[in-house]
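A.B. asks: Structure provided below as structure tokens; questions to follow.
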Amino acid sequence: MSDVYAASTESYLRSLYAAERHRRSCQIQSIDQLLEWQLDARHDLYQIVGLQRMQEELAGHVPAIEYEISAEIDGYTRTRCTIETEPGFALSFWLLKPDQAGPHPLAVLPHGHDKIGSDTTVGVAHSDEHAQKITVEDRDIGVQAVKRGYLAIAPAARGTSGDVGIPDIGDRHGARSCRSQFMHAILAGRTATAERVWDVMRLIDWAIADFDIDESNILVMGNSGGGVITLYSAACDERITCAVPSCSFAPYVSETGYIHHCDCNAIPGISRWGEIWDLTALIAPRHLCIVNGRADKLFSVDEVERAVTGTRRIYDAIELSDRFEHHWGPAGHRFYSDLMWPFVSRIDD
């Protein structure tokens, strides 16, 4: 599929998304300037994403937890749970708890477009083909995390998991539940991204309250749409100490105006706030490891490099370049454990 528009359309889009329209573009030269910039930039992001509205409307809500099936695995316990992150909405997730005593580092591991994504994350295969995909593409990151001592949480994601969110009944939204979720969210003054980030934040609240968690080591890691959730969660929640988005990092729009991400990740008005590297400026000075697949057909290599350059400029400006890494995996749209975990392990040490 071509990502090149007709000349007249490209000219129009270049004007529409011009950099000078980015009201919160991060143009800092020091860490003090960064921290000052973040105050207003994060506040504005909360508003434009819809998290501010969710905080106001859901103030005082206490999530209820239900524990369902549980199994003892080699070195850890795997438990199926649900959490009511807002009244009337129950989010399913897997909890993987190491056998050894805490305090444990915490890993929250959102997935992307995968109807059984939380199962994939913890290695619960539904078929031989599914099991092979999990193994070949390193997709059981929940198991990888718990074996490294993390208390790991693998939540379903609203709109991209088969039984979580608002389904597209009648195929009104192209038989895509992720788009149905997005449309219902924006009518309520929020976004699907805000809802997914809200769920991650409530899971962190619960884990800290109910378990012996090392709050100096909170990791969020996800692939594809889960990588988008990872980026926004880390930008919005400063408790997250390390973010590892996989096969999801690219500009909101290319230099010619092409949109790379699924529309369920859209934030109305985000290009008037800034670009994807401005989002990562809200993660700095915390640790950030971005991984892309060189053969991933969803994202242009040149555009990914453009976004990485924008992020690297931020970390260089605050003289903490060792806290940011970008890696190219040799294949496509998948996890790359050999590129992600060494970065995380260096932080743990």
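The values are calculated or read from the model by the stated rules, or taken from the named source; none is laboratory data. Since the model is a prediction, treat every value here as computed from it, not as a measurement. So basically every Cβ, Gly included, is an ideal-geometry build from the backbone, and we count neighbours across all protein chains shown.
A.B. asks: Checking residue 167 against (1) closer than 29 Å to residue 340 by Cβ; (2) out of contact with any Lys or Arg (no Cβ under 8 Å at 6 or more places or on another chain), only one condition comes out false. Which one?
C.D. replies: Answer for residue 167: the failing condition is (1).
A.B. asks: Another question, then. In the range 299-349, what residues are β-branched (Val, Ile, Thr), under 13 Å from residue 276 (Cβ atoms) and touching a Cys at 6+ places or on another chain (Cβ under 9 Å)?
C.D. replies: 314
A.B. asks: Looking at (1) touching a Ser or Thr at 6+ places or on another chain (Cβ under 8 Å); (2) touching a residue at least 24 places away in the same chain (Cβ under 8 Å); (3) over 24 Å from residue 11 (Cα atoms), which is the only condition residue 312 fails?
C.D. replies: (2)
A.B. asks: When both residues are 6+ apart or on different chains and their Cβ atoms are under 7 Å apart, which pairs have a first residue that lies in the range 245-264 and is touching a residue at least 12 places away in the same chain (Cβ under 8 Å) and among the aromatic types (Phe, Trp, Tyr), and a second that is outside any loop (DSSP other than H, G, I, E, B) and surrounded by fewer than 20 Cβ atoms within 10 Å (Cβ to Cβ)?
C.D. replies: Sorted first by the residue in the range 245-264, then by its partner, the pairs are 252/271.
A.B. asks: Scan the range 4-46 for residues that are over 14 Å from residue 273 (Cβ atoms) and either touching a strand residue (DSSP E or B) at 6+ places or on another chain (Cβ under 6 Å) or among the charged types (D, E, K, R) (or both) and jot them down.
C.D. replies: Hits for the range 4-46 are 10, 14, 32, 36.
A.B. asks: To continue, here is another question. Check whether at least one residue in the range 95-115 is surrounded by fewer than 17 Cβ atoms within 10 Å (Cβ to Cβ), within 30 Å of residue 337 (Cα to Cα) and within 20 Å of the chain's Cα centre (by Cα), and report yes or no.
C.D. replies: yes
A.B. asks: Just checking: which of the strands (runs of 3 or more DSSP E) contained wholly in the range 40-99 hold 2 or more residues that are of a type in the set (Val, Ile, Thr)?
C.D. replies: Once the strands (runs of 3 or more DSSP E) in the range 40-99 are filtered for at least 2 residues that are of a type in the set (Val, Ile, Thr), what remains is 65-73, 76-86.
A.B. asks: Does the range 104-123 hold any residues that are at pLDDT below 95 and among the aliphatic types (A, V, I, L, M), and which are they?
C.D. replies: 116
A.B. asks: Just checking, how many residues over the range 310-332 are within 20 Å of the chain's Cα centre (by Cα), surrounded by fewer than 20 Cβ atoms within 10 Å (Cβ to Cβ) and either closer than 29 Å to residue 146 by Cα or β-branched (Val, Ile, Thr) (or both)?
C.D. replies: Of the residues in the range 310-332, 5 are within 20 Å of the chain's Cα centre (by Cα), surrounded by fewer than 20 Cβ atoms within 10 Å (Cβ to Cβ) and either closer than 29 Å to residue 146 by Cα or β-branched (Val, Ile, Thr) (or both).
A.B. asks: Of all residues in the range 333-349 being over 19 Å from the mean Cα position of the chain (by Cα) and assigned to a helix (DSSP H, G or I), which is nearest to residue 24 (Cα to Cα)?
C.D. replies: Going through the qualifying residues, I end up with 347.
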